[in-house]
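The values are calculated or read from the model by the stated rules, or taken from the named source; none is laboratory data. Quick caveat, the model's predicted, so the values are computed rather than measured. Cβ sites come from the backbone with ideal geometry, for glycine too, and all protein chains shown count toward neighbours. The protein model used for the area step is the full one, side chains on, heavy atoms only, and it has no ligands, DNA or RNA in it. Shrake-Rupley method; radii C 1.70, N 1.55, O 1.52, S 1.80 Å.
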Amino acid sequence: MMQEDRRLEETRSPFRQAGDESREDAEYRVIFHVDVNSAFLSWSALKRLQENPDSVDLRTIPSAIGGDVSRRHGVITARSIPAKKYGVSTGEPVVSALRKCPNLVLEQPDFTAYREYSRRFIAILRSYSDRVEQVSIDEAFLDMTERFCKEELVRDHSPEGGFLTKGSDLLQLRERKGKIPEGAETKEAADGDAALPAGVHVPGGNPSGAHIPGGNPAGVHAPGGNPAALAVRLANEIYDTLGFTVNVGISGNKLLAKMASDFRKPGRVHTLWPEEIADKMWPLPIGELYGCGRKTAEKLWSIGIRTIGEAAAADPEMLCSYLGERAGLSIAAGANGISNDEVHAEEEEAKSYSNETTTSADITATNFDRDAVPVVRELSQSVARRLRRDGMFAGTIEVSVKSSDFHRYSRQTRLENSTNDPEVIFETAVRLLRKLLYGNGGLFRAGRGVRLIGVGGTNLDDGSCRQMDLFSYINAKENRKAGRADAQAEPGEGQQEADREKKQENSRGKTREDREGKRQEERQKKLEAMMQRIRAKYGENAVHRGKR
């Protein structure tokens with residue numbers, strides 16, 4: 001018993017596995033995690049209000065983003081807090097959500113607007129720190145350590161509900177007076193919930209009763225050495241400038257900052273310093289630990305570990321024997337607040353991915369299908385391979401050629417949904433080339449040949465704002481698997497290596513048609529299984545095949 005008590009006491013130091021130097025560094029690091037509250041729905045609501053100030057704010061009524069508004073099918077990607085009252089949840093089919101809430105207002109996603117709001121959001125973050133790591137379209141880590149002197153660092157602890165920021169303070173007043181609209185409660189708000197705004201807010205305005213930047217009714221000091229006060233100022237600036245609320249989590253490492261930002265929403269600043277772990281993090285269900293997936297949580301539940309605190313007190317060797325060494329060590333470290341992951345300042349992102357090659361003979365109308373189409377396929381596969389390797393998607397596909405008289409020509413088209421699928425890139429590229437070469441004023445009609453062909457993808461995104469549906473979900477899973485395989489196997493020797501690989505595959509009898517047939521068969525099996533699961537949960541008519 002004494003040994004057990006001693007081991008439990010040792011686990012109460014969240015940096016017990018670190019050396020003295022790293023412990024001291026971690027104690028004085030300041031990391032922010034900033035997360036937009038229900039980004040898609042908030043951004044769609046703001047866009048509507050900017051276009052028509054008299055329109056209803058989507059955040060104040062039962063509303064959701066996702067699916068095809070005209071045909072009422074697809075999947076819910078975000079919903080308002082009033083919609084949550086009816087049981088509408090993210091990830092469920094639109095037809096099921098409409099059964100729960102017949103008056104649900106559906107809004108078509110606007111990815112162009114989302115990317116612009118995201119760009120402005122990140123620009124504000126960069127004005128506070130030169131070490132910003134964007135992890136998705138609506139969240140980022142900031143290393144704020146250099147903003148604070150170690151000797152003057154004031155580590156205020158946030159109360160249970162967090163420090164309030166603009167957009168949440170008037171909501172709190174309504175709660176106190178009992179006048180909050182039905183269904184707009186925020187205590188249990190989650191990632192898919194939109195913040196209820198304090199009235200219609202015009203970006204740049206200052207709503208009545210809002211805190212002045214750096215001020216806070218909970219007694220936050222002026223932001224000289226106080227991270228919480230600076231976080232409130234940051235959140236208020238985002239609300240004043242852009243019109244939406246964010247949560248900010250503060251701690252000495254990324255893991256704890258991320259955990260803190262997921263506490264009560266919307267428009268809150270939460271701290272989770274090492275000394276707060278026992279009170280704020282350990283009582284939470286193990287499934288809420290950042291990095292602990294559903295299957296891992298189920299395994300831990302099966303052996304009696306139901307809270308993060310119980311995982312923190314568990315023998316790391318036991319966790320490793322049950323979960324595997326990598327997962328066991330990850331859970332043991334995470335449950336004790338240990339993370340050595342740095343905030344990685346982003347380098348200039350690639351603006352496009354492209355490949356081109358000079359053909360052995362001029363391409364003309366007579367040999368286009370025979371000689372050019374295979375080249376376009378190889379180039380498309382190369383571009384897709386690099387996109388998947390970096391986890392990127394191209395929203396615009398472009399082709400370029402160099403004519404026999406050394407002039408360059410190009411065509412491009414914007415896709416309805418960004419992609420890193422080699423077949424989509426290939427088919428789009430061939431279509432563009434045919435227009436460029438065979439269409440009105442085409443090079444072939446002018447009697448010119450082509451000696452160089454290029455295929456590229458631009459208008460890049462990380463996939464965060466892609467419309468979620470069954471087919472894209474299946475394709476994304478296949479692409480992630482293929483991307484991992486490519487990253488391990490890709491030799492990086494360009495077109496010649498790709499040609500050698502193709503010859504080797506053909507020599508083994510693995511034709512492209514056979515591989516595509518098997519891939520399509522597997523895709524159909526996965527689709528059928530997924531449809532059965534959805535029907536079992538939401539009813540036989542919840543989902544059906546559309547006409548392609």
How much length is gained on full extension from residue 149 to residue 360, taking 0.36 nm per residue of separation minus their Cα-Cα distance?
69.6 nm
Could I have the simple spin-label model distance between residue 396 and residue 373, label points 7 Å from Cα toward Cβ, reported in nm to one decimal?
2.9 nm
Return the FRET efficiency for the residue pair residue 417, residue 318: r is the Cβ-Cβ distance, R0 is 60 Å, and the value is rounded to the nearest 0.05.
0.85
Sparse-neighbour loop sites [GluC sites (Glu not before Pro); the stretch 271-370; at most 11 other C-beta within 10 Å; DSSP]:
347, 348, 349
Nonlocal amide H pairs with residue 30, under 5 Å, H built at 1.01 Å
144, 145
Measure off 7 Å from each Cα along the Cα-to-Cβ vector at residue 284 and residue 160, then give the distance between these two points in nanometres to one decimal.
1.7 nm
Rounded to the nearest 20 Debye, what is the dipole magnitude of the stretch 300-373 about its Cα centre when Lys and Arg each give +1 and Asp and Glu each give -1 at the C-beta?
440 debye
Greater than 22 Å separation of Cα atoms is the criterion. Which listed pairs, 166/280; 265/299; 254/280; 84/295, meet it?
166/280; 265/299; 84/295
Once the dipole of the stretch 92-176 is set up from charges on Cβ (+1 Lys and Arg, -1 Asp and Glu), the residue from the list 142, 101, 127 lying farthest towards its positive end is 101
Over the stretch 67-147, with every protein chain in place, what whole percent of the accessible area is carbon and sulfur at 1.4 Å, could you tell me?
47 percent
